[in-house]
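Chemist: Can you keep this structure in mind? I'll have questions shortly.
The values are calculated or read from the model by the stated rules, or taken from the named source; none is laboratory data. Quick caveat, the model's predicted, so the values are computed rather than measured. Note: ideal-geometry Cβ built from the backbone for every residue, glycine included; neighbour counts use all protein chains shown. Heavy atoms of the whole protein, side chains included, go into the accessibility calculation; ligands, DNA and RNA do not. Shrake-Rupley method; radii C 1.70, N 1.55, O 1.52, S 1.80 Å.
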Amino acid sequence: MRLILLGPPGAGKGTQAKMLKEKFHIPQISTGDILRQAVKDNNELGVKAGSFMDVGQLVPDDVVIGLIKERIKQVDCEAGFILDGFPRTIVQAEKLSETLTEMGLVIDRVVDLEVNAEEVISRLSGRSTCSDCGGMFHEKSCPPKVSGICDSCGGILAQRQDDNAETILKRLDVYQESTAPLKQFYKKQGNLKAVTARGSVEEIFSRVLEMVK
Ligand code: AMP
(Lines give C-alpha, C1' and ligand atoms only; values in the text may rest on other atoms or scores of the structure.)
Protein backbone atom coordinates (compact mmCIF):
# COMPACT_ATOMS: atom_id res chain seq x y z
CA MET A 1 0.00 0.00 0.00
CA ARG A 2 1.39 3.36 -1.02
CA LEU A 3 -0.21 6.32 0.69
CA ILE A 4 0.16 10.07 0.73
CA LEU A 5 -1.07 12.17 3.64
CA LEU A 6 -1.94 15.70 2.58
CA GLY A 7 -3.03 18.61 4.74
CA PRO A 8 -1.76 21.86 6.23
CA PRO A 9 0.92 21.98 8.90
CA GLY A 10 -0.66 20.87 12.18
CA ALA A 11 -3.34 18.72 10.52
CA GLY A 12 -1.92 15.66 12.29
CA LYS A 13 -0.15 14.02 9.34
CA GLY A 14 2.76 12.88 11.50
CA THR A 15 0.54 11.39 14.19
CA GLN A 16 -1.71 9.57 11.71
CA ALA A 17 1.28 8.38 9.68
CA LYS A 18 2.84 6.84 12.81
CA MET A 19 -0.44 5.02 13.57
CA LEU A 20 -0.71 3.75 9.98
CA LYS A 21 2.90 2.58 10.15
CA GLU A 22 2.14 0.52 13.29
CA LYS A 23 -0.99 -0.95 11.76
CA PHE A 24 0.30 -1.84 8.32
CA HIS A 25 4.02 -2.34 9.06
CA ILE A 26 5.14 -0.05 6.27
CA PRO A 27 7.55 2.87 6.74
CA GLN A 28 6.50 6.44 7.39
CA ILE A 29 8.56 8.74 5.21
CA SER A 30 8.51 12.27 6.59
CA THR A 31 10.61 14.75 4.63
CA GLY A 32 10.29 17.16 7.59
CA ASP A 33 11.80 14.56 9.98
CA ILE A 34 14.59 13.68 7.52
CA LEU A 35 15.44 17.37 7.05
CA ARG A 36 15.31 18.15 10.79
CA GLN A 37 17.69 15.24 11.46
CA ALA A 38 20.04 16.59 8.78
CA VAL A 39 19.96 20.03 10.42
CA LYS A 40 20.72 18.42 13.80
CA ASP A 41 23.62 16.46 12.27
CA ASN A 42 24.79 19.66 10.59
CA ASN A 43 25.52 17.73 7.38
CA GLU A 44 25.48 19.06 3.81
CA LEU A 45 21.73 18.51 3.43
CA GLY A 46 21.04 20.17 6.78
CA VAL A 47 23.08 23.23 5.89
CA LYS A 48 21.20 23.53 2.56
CA ALA A 49 17.74 23.06 4.13
CA GLY A 50 18.02 24.82 7.49
CA SER A 51 17.76 28.40 6.30
CA PHE A 52 14.50 27.66 4.43
CA MET A 53 12.97 25.71 7.32
CA ASP A 54 13.73 28.39 9.91
CA VAL A 55 11.59 30.92 8.05
CA GLY A 56 8.78 28.54 7.06
CA GLN A 57 9.69 28.33 3.38
CA LEU A 58 9.87 25.18 1.32
CA VAL A 59 13.24 23.56 0.75
CA PRO A 60 13.97 23.59 -3.03
CA ASP A 61 12.17 20.89 -5.01
CA ASP A 62 15.33 19.25 -6.39
CA VAL A 63 16.66 18.68 -2.86
CA VAL A 64 13.55 16.91 -1.51
CA ILE A 65 12.84 15.06 -4.76
CA GLY A 66 16.37 13.60 -4.66
CA LEU A 67 15.80 12.50 -1.08
CA ILE A 68 12.51 10.78 -1.80
CA LYS A 69 13.74 9.06 -4.97
CA GLU A 70 16.51 7.42 -2.97
CA ARG A 71 14.31 6.59 0.00
CA ILE A 72 11.45 4.84 -1.82
CA LYS A 73 13.92 2.57 -3.62
CA GLN A 74 15.09 1.09 -0.32
CA VAL A 75 14.14 -2.45 0.49
CA ASP A 76 11.85 -1.61 3.44
CA CYS A 77 9.57 0.25 1.00
CA GLU A 78 8.85 -2.82 -1.11
CA ALA A 79 5.54 -3.55 0.62
CA GLY A 80 4.54 0.11 0.58
CA PHE A 81 5.08 3.39 2.41
CA ILE A 82 3.31 6.39 3.86
CA LEU A 83 4.46 9.77 2.60
CA ASP A 84 4.05 12.46 5.25
CA GLY A 85 4.88 16.01 4.14
CA PHE A 86 5.77 15.04 0.56
CA PRO A 87 4.80 16.04 -2.10
CA ARG A 88 4.29 19.70 -1.25
CA THR A 89 4.35 21.21 -4.74
CA ILE A 90 2.99 20.20 -8.13
CA VAL A 91 6.56 19.68 -9.41
CA GLN A 92 7.23 17.27 -6.52
CA ALA A 93 3.99 15.38 -7.27
CA GLU A 94 4.85 15.11 -10.97
CA LYS A 95 8.37 13.85 -10.25
CA LEU A 96 6.99 11.34 -7.76
CA SER A 97 4.55 10.00 -10.37
CA GLU A 98 7.39 9.74 -12.91
CA THR A 99 9.62 7.86 -10.50
CA LEU A 100 6.86 5.47 -9.47
CA THR A 101 5.94 4.82 -13.11
CA GLU A 102 9.58 3.95 -13.83
CA MET A 103 9.40 1.50 -10.93
CA GLY A 104 6.08 0.06 -12.18
CA LEU A 105 4.24 1.36 -9.10
CA VAL A 106 1.35 3.71 -8.32
CA ILE A 107 0.03 5.69 -5.35
CA ASP A 108 -3.02 3.82 -4.04
CA ARG A 109 -4.59 6.53 -1.94
CA VAL A 110 -4.13 10.19 -1.06
CA VAL A 111 -5.80 11.19 2.20
CA ASP A 112 -6.37 14.88 2.75
CA LEU A 113 -6.64 15.83 6.44
CA GLU A 114 -8.94 18.85 6.55
CA VAL A 115 -8.55 21.40 9.32
CA ASN A 116 -9.08 25.17 9.40
CA ALA A 117 -6.39 27.82 9.91
CA GLU A 118 -7.58 28.81 13.41
CA GLU A 119 -7.27 25.23 14.64
CA VAL A 120 -3.83 24.89 13.02
CA ILE A 121 -2.52 27.95 14.84
CA SER A 122 -3.80 26.70 18.19
CA ARG A 123 -2.39 23.19 17.62
CA LEU A 124 1.04 24.30 16.50
CA SER A 125 1.57 27.01 19.08
CA GLY A 126 1.04 24.58 21.98
CA ARG A 127 2.88 21.60 20.57
CA SER A 128 6.08 20.05 21.87
CA THR A 129 8.02 17.03 20.70
CA CYS A 130 10.31 14.61 22.54
CA SER A 131 13.86 15.06 21.33
CA ASP A 132 14.56 11.34 21.95
CA CYS A 133 11.53 9.31 20.77
CA GLY A 134 9.60 11.90 18.73
CA GLY A 135 6.51 11.60 20.99
CA MET A 136 4.16 14.56 20.53
CA PHE A 137 2.36 16.56 23.20
CA HIS A 138 0.15 19.61 23.39
CA GLU A 139 -0.17 21.95 26.36
CA LYS A 140 -3.99 21.83 26.19
CA SER A 141 -5.16 18.71 24.37
CA CYS A 142 -2.42 16.27 25.39
CA PRO A 143 -0.22 17.68 28.17
CA PRO A 144 2.69 15.58 29.49
CA LYS A 145 2.32 14.32 33.10
CA VAL A 146 5.45 16.28 34.07
CA SER A 147 5.94 19.58 32.29
CA GLY A 148 8.74 19.42 29.71
CA ILE A 149 9.30 15.66 30.10
CA CYS A 150 8.15 12.91 27.72
CA ASP A 151 5.65 10.47 29.31
CA SER A 152 6.93 7.53 27.25
CA CYS A 153 10.72 7.75 27.55
CA GLY A 154 11.55 10.57 29.98
CA GLY A 155 13.24 12.58 27.20
CA ILE A 156 13.25 16.38 27.11
CA LEU A 157 10.35 18.03 25.27
CA ALA A 158 11.16 20.89 22.95
CA GLN A 159 9.12 23.21 20.79
CA ARG A 160 10.02 23.04 17.11
CA GLN A 161 11.93 26.07 15.98
CA ASP A 162 9.36 26.75 13.25
CA ASP A 163 6.37 26.50 15.63
CA ASN A 164 6.42 30.20 16.51
CA ALA A 165 3.61 32.63 15.60
CA GLU A 166 5.37 34.36 12.72
CA THR A 167 6.68 31.19 11.06
CA ILE A 168 3.36 29.37 11.52
CA LEU A 169 1.59 32.10 9.51
CA LYS A 170 4.26 31.90 6.81
CA ARG A 171 3.91 28.10 6.64
CA LEU A 172 0.13 28.48 6.26
CA ASP A 173 0.61 30.92 3.37
CA VAL A 174 3.09 28.59 1.71
CA TYR A 175 0.63 25.72 2.16
CA GLN A 176 -2.22 27.67 0.50
CA GLU A 177 -0.07 28.78 -2.39
CA SER A 178 2.05 25.73 -3.15
CA THR A 179 0.53 22.65 -1.51
CA ALA A 180 -3.26 23.11 -1.55
CA PRO A 181 -3.31 22.84 -5.41
CA LEU A 182 -2.24 19.20 -4.96
CA LYS A 183 -5.81 18.37 -3.92
CA GLN A 184 -6.97 19.17 -7.43
CA PHE A 185 -4.00 17.30 -8.91
CA TYR A 186 -4.89 14.07 -7.07
CA LYS A 187 -8.64 14.57 -7.45
CA LYS A 188 -8.11 14.43 -11.21
CA GLN A 189 -6.20 11.18 -10.76
CA GLY A 190 -9.21 9.82 -8.83
CA ASN A 191 -7.47 8.71 -5.66
CA LEU A 192 -8.07 11.63 -3.29
CA LYS A 193 -10.17 11.10 -0.15
CA ALA A 194 -10.89 13.89 2.34
CA VAL A 195 -11.11 13.31 6.07
CA THR A 196 -12.23 15.77 8.75
CA ALA A 197 -9.22 16.09 11.02
CA ARG A 198 -11.18 17.19 14.09
CA GLY A 199 -11.90 15.21 17.24
CA SER A 200 -9.62 12.77 19.03
CA VAL A 201 -6.59 11.20 17.38
CA GLU A 202 -8.41 7.83 17.47
CA GLU A 203 -11.55 9.25 15.86
CA ILE A 204 -9.49 10.75 13.05
CA PHE A 205 -7.59 7.47 12.67
CA SER A 206 -10.78 5.47 12.22
CA ARG A 207 -11.87 7.91 9.48
CA VAL A 208 -8.48 7.56 7.81
CA LEU A 209 -8.75 3.74 7.95
CA GLU A 210 -12.15 3.88 6.27
CA MET A 211 -10.53 5.77 3.41
CA VAL A 212 -7.59 3.45 2.92
CA LYS A 213 -9.55 0.20 3.09
P1 AMP B 1 7.04 19.43 8.31
O2 AMP B 1 7.67 18.72 9.45
O3 AMP B 1 6.46 18.48 7.30
O4 AMP B 1 6.05 20.49 8.77
O5 AMP B 1 8.20 20.20 7.53
C6 AMP B 1 8.98 21.19 8.17
C7 AMP B 1 9.71 22.03 7.14
O8 AMP B 1 10.58 21.20 6.36
C9 AMP B 1 8.82 22.73 6.13
O10 AMP B 1 8.30 23.96 6.61
C11 AMP B 1 9.79 22.91 4.96
O12 AMP B 1 10.69 23.97 5.20
C13 AMP B 1 10.58 21.62 5.00
N14 AMP B 1 9.96 20.55 4.18
C15 AMP B 1 9.43 19.38 4.61
N16 AMP B 1 8.95 18.67 3.60
C17 AMP B 1 9.17 19.39 2.47
C18 AMP B 1 8.88 19.21 1.10
N19 AMP B 1 8.25 18.10 0.64
N20 AMP B 1 9.25 20.19 0.24
C21 AMP B 1 9.89 21.29 0.65
N22 AMP B 1 10.17 21.54 1.93
C23 AMP B 1 9.82 20.60 2.85
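Chemist: At 7 Å along the Cα-to-beta-carbon direction for both CYS142 and GLU118, put a label point, then send me their distance in nm to one decimal.
Modeler: Computed distance between label sites CYS142 and GLU118 equals 2.3 nm.
Chemist: Could you tell me the accessible area of MET136 in Å² (1.4 Å probe, neighbours in place), rounded to the nearest ten?
Modeler: 70 Å²
Chemist: Next question. So, with +1 on the Cβ of K and R and -1 on the Cβ of D and E, and no other charges, what is the size of the charge dipole of region 133-195 about its Cα centre, to the nearest 20 debye?
Modeler: Numbers: 9 positive and 7 negative charges, 86 e Å.
Approximately 420 debye in magnitude.
Chemist: Just how far, in whole angstrom, is region 79-154 from region 157-206 if you go by their alpha carbon centroids?
Modeler: 8 Å
Chemist: Note down the relative contact order for region 121-211 as a percent, whole number, built from C-alpha pairs under 8 angstrom at least six residues apart.
Modeler: Working: 77 pairs, mean separation 18.7, N = 91.
Contact order relative to length: 21 percent.
Chemist: Can you give the calculated 222 nm mean residue ellipticity of the chain, where each DSSP H run of n ≥ 4 adds -39,500 (n - 2.57) and the sum is split over every residue, rounded to the nearest 500 deg cm²/dmol? All intermediate terms of the calculation are to be shown ahead of the outcome.
Modeler: On the way: 9 runs with 100 residues, N = 213.
Estimated from H runs of four or more residues: -14500 deg cm²/dmol.
Chemist: Also, I was wondering about something else. As a test question: what accessible area, to the nearest 10 Å², does LYS40 have when a 1.4 Å probe is rolled over all protein chains in place?
Modeler: 140 Å²
Chemist: From the alpha carbon gyration tensor of the chain, can you work out the equivalent ellipsoid semi-axes (sqrt of 5 times each eigenvalue) and give them in Å, largest to smallest?
Modeler: Numbers: eigenvalues 128, 82, 64 Å².
With the √(5λ) rule applied to the chain, the semi-axes are 25, 20, 18 Å.
Chemist: If you don't mind, there's one more thing I want to ask. Pop the C-beta distance of SER152 and SER206 into the FRET formula with R0 = 30 Å and round what comes out to the nearest 0.05. Don't jump to the answer; show the numbers that get you there.
Modeler: Working: r = 23 Å, r/R0 = 0.75.
Calculated value: 0.85.
Chemist: In terms of solvent-accessible area of protein heavy atoms at a 1.4 angstrom probe, what is the ranking of THR196, THR15, THR101, highest value first? Don't skip to the answer; put the middle values down first.
Modeler: Numbers: THR196 70, THR15 45, THR101 100 Å².
Highest to lowest solvent-accessible surface, that is THR101, THR196, THR15.
Chemist: Please compare each pair in LYS13/LYS183; LYS23/LYS69; LYS40/LYS95; LYS73/LYS170; LYS95/LYS170 to a cut-off of 22 Å on the Cα-Cα distance and tell me which ones are over it. Walk me through the intermediate numbers first.
Modeler: On the way: LYS13/LYS183 15 Å; LYS23/LYS69 24 Å; LYS40/LYS95 27 Å; LYS73/LYS170 33 Å; LYS95/LYS170 25 Å.
Going by Cα-Cα distance, LYS23/LYS69; LYS40/LYS95; LYS73/LYS170; LYS95/LYS170 fall outside the 22 Å limit.
Chemist: Give me the percent of accessible area attributable to carbon and sulfur for region 10-143, probe 1.4 angstrom. Display every interim value, and only then the final one.
Modeler: Numbers: 3490 of 6710 Å².
Exposed carbon and sulfur together represent 52 percent of the surface.
Chemist: Say R0 is 41 Å: what FRET efficiency, to the nearest 0.05, do LYS188 and LYS23 get from their beta-carbon distance? Each step should come with its number before you reach the end.
Modeler: Values: r = 29 Å, r/R0 = 0.70.
After rounding, the FRET efficiency stands at 0.90.
Chemist: If I ignore ligands, DNA and RNA and count only protein heavy atoms, how much of VAL75 is accessible to a 1.4 Å probe, in Å² to the nearest 10?
Modeler: 110 Å²
Chemist: For the charge dipole of the chain, defined by +1 on Lys and Arg C-beta atoms and -1 on Asp and Glu C-beta atoms about the Cα centroid, which residue among ILE72, SER51, VAL208 has the Cα displaced farthest towards the positive pole?
Modeler: So the residue we want is VAL208.
Chemist: Tell me, what is the per residue accessible area of the chain in Å², probe radius 1.4 Å?
Modeler: Numbers: 11180 Å² over 213 residues.
Each residue of the chain exposes 52 Å² on average to a 1.4 Å probe.
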